[in-house]
Amino acid sequence: LNGSFLTIRKNTSGTIDMKIYNELGEIIKTDRLSSDINSIDISSYKAGMYFIQFSNDKNYLLTDKFLKQ
């Protein structure tokens, strides 16, 4: 995270679905990640805490959070 972009490194084969939620639990971005390294533009996001969820077609893989300043 460098203020404008969130870099995500994928360490599994196949495609991963990503959802970003704001502090209210609203989905603000969805994307499908297929590259090993992905850059997500967050420059338009307001300052605050965000939650990011990764899943594949079978189950949830990871939920994490990041702080946009």
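The values are calculated or read from the model by the stated rules, or taken from the named source; none is laboratory data. Predicted, not measured: the structure shown is a model, and the values here were computed from it. For the accessible areas, the whole protein counts, side chains as well, though only heavy atoms, and no ligand, DNA or RNA atoms are used. Shrake-Rupley method; radii C 1.70, N 1.55, O 1.52, S 1.80 Å.
Structure above, values below:
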read-out	value
Cα-based shape type of the chain, given that a ≥ b ≥ c are square roots of the gyration tensor eigenvalues and the cut on a/c is 1.5	oblate
Karplus-derived HN-Hα couplings along the range 26-40 (A = 6.51, B = -1.76, C = 1.60, θ = phi - 60°), whole Hz, x at Gly and Pro	7, 6, 10, 7, 10, 7, 10, 9, 10, 7, 5, 10, 10, 10, 10
Heavy-atom accessible surface of the chain: percent carbon and sulfur, 1.4 Å	45
Integer Hz, Karplus 6.51/-1.76/1.60 couplings in order for the range 9-25, x for Gly and Pro	9, 9, 10, 9, 7, x, 9, 10, 8, 10, 10, 10, 10, 7, 5, 8, x
For the chain: accessible area per residue (Å², 1.4 Å)	70
